[in-house]
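The next block holds one structure in the form of structure tokens; read it before the comments.
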Amino acid sequence: METLGPAGVGFMVFLDNIFPPIPSELVLPLAGFTSSQGQMNIVAAIVFATIGSVVGAVLLWALGKWIGIERIARIAVKMPLVDVDDVHKTVAWFDKHGDKAVFFGRMIPIFRSLISIPAGMRDMRLLKFLLLTTSGSAIWNTILIVAGFTLGENWSVVETYAGYFQNVVIVAVVVFVIAWIVLKVRKQRRKRAAGLDTTENDHIAPGEFDA
């Protein structure tokens, strides 16, 4: 880690945003431990880690902006069980809670990468996105690095507990998806039993999702 230096830490965190299998929960506590040994400046590690987080997030924000909400909606409604109402509900949720989602999402494994894309799709102003992302990333990076610094040679404890946290997030997502699928299947079965068309609500009008 001392060979990589603070800039290397920032680059690893950047990759964590783009390729989530490279976990910052491993890199950052180790950077903190390295700092505790006097081989890295802890403030520089936090600053570069946050820069890496923000740069990766902005790239994903730009990708989301390029894709656009209407394009992804047209793809989504062609998927089994998804209709326009589902897309509208998701968009409405993000319009209401997007600021909190971007800020706190920076502290949640998996979501820290994904949350930037809908922010771009929904055309969140770049300045606001930068402020929320920088704040959330700085807090999370500081927690992990300072924890590694404080624990010293026991820095891997942070990775262990972060792994537990990530597993909880994964289980919660799986449970949510399964519950959503069950509810949608039941809804479609009721529609068929009532003789209703289950594909009637799968068309996207131009400008339908304009803010």
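The values are calculated or read from the model by the stated rules, or taken from the named source; none is laboratory data. Small disclaimer: the values here were computed from a predicted structure and weren't measured. Here Cβ is always computed from backbone atoms with ideal geometry, including for glycine, and neighbour counts include all displayed protein chains.
Laid out as a table, the results:
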{"read-out": "Residue count, the stretch 118-148 (criterion: part of a loop (DSSP other than H, G, I, E, B) and at pLDDT 90 or above)", "value": "2"}
{"read-out": "The stretch 60-79, residues that are in contact (Cβ under 8 Å) with a residue 24 or more places away in the chain and touching a helix residue (DSSP H, G or I) at 6+ places or on another chain (Cβ under 7 Å)", "value": "Leu60, Trp61, Ala62, Leu63, Gly64, Lys65, Ile67, Gly68, Ile69, Ile72, Ala73, Val77"}
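So that you can scan it fast, the table gives a plain yes or no per residue for (1) over 18 Å from Ser137 (Cα atoms); (2) of a type in the set (A, V, I, L, M, F, W, C):
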position	(1), (2)
Ile18	no, yes
Ala31	no, yes
Ser35	yes, no
Ile42	no, yes
Ala49	no, yes
Val55	no, yes
Gly64	yes, no
Ile72	yes, yes
Val87	yes, yes
